[in-house]
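Just below is one structure, and these are the notes that go with it.
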Amino acid sequence: MDDLPAIRRVDLSEKDASMSDVNVTVTGFVGQDPVLYTSNSGNVWTSFSVASTRRVRDSAGQWSDGATMWFRVKAFGDRARNAVKSLHRGTPVTVTGRLAVEEYVVTKQGSQPDSAGPTEDKRVDLVVENATIAVDITRGTVDYSRTIHTEDSSSLGQLQQASTPAAASAAPADAQAAPADASASEV
């Protein structure tokens, strides 16, 4: 995680973090394709956004979209590798993990010639850390392929599809060696 930008982590509680972790489950849609990063120490991780829009009923009983909340999702190791291979923008997901708040400052240059120079814009991200990520099958189907990570699993090219008894009897031998691909399709 050496490649993470300088972010000040805000504790949600003054007590010991292990006693006061806040775990959340978010259902929504992936906002952009996850990208795999490797830290200076060789650890792999991914970070991507998930949008969750609440459905609300008005006084007449009609349903409509409420406010959309954006969450940053962070996953590490094999979870990160699998997320990068399996998720794409628009994929419906359910994410569970530890809630954190990250504050950061974005410096903007003045857009007007008479502006007083750069301005600082403070921002806050709601982050679901060490996330367990599942494709939401209420919105489509999934073709699951178990992955086996070889000794040098630092790159996505090292993922291999595992053979299962059902797959071994139904698929040709050369199809079992193909890279794993979990994809969602609308029903």
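What follows is calculated from the coordinates using simple rules that are stated; it is not laboratory data. Please read all numbers here as calculations on a predicted model, not as lab measurements. No Cβ is skipped: glycine too gets one built from the backbone with ideal geometry, and neighbour counts run over all protein chains shown.
Some observations on this one:
- Percent of beta bridges antiparallel (DSSP, segment 8-138, rounded to nearest 5): 95
- Projecting label points 7 angstrom from Cα along Cα→Cβ for E103 and S39 puts them 2.4 nm apart.
- Within the shell of other residues whose beta carbon sits under 11 angstrom from the beta carbon of W63, the net charge comes to +1, with Lys and Arg scored +1 and Asp and Glu -1.
- Cut-off 14 Å, label 7 Å out along Cα→Cβ of R123, residues of segment 24-68 by amide N: 32, 48-50
- For segment 8-138: rounded, prolate or oblate by the Cα gyration tensor [a/c cutoff 1.5]: rounded
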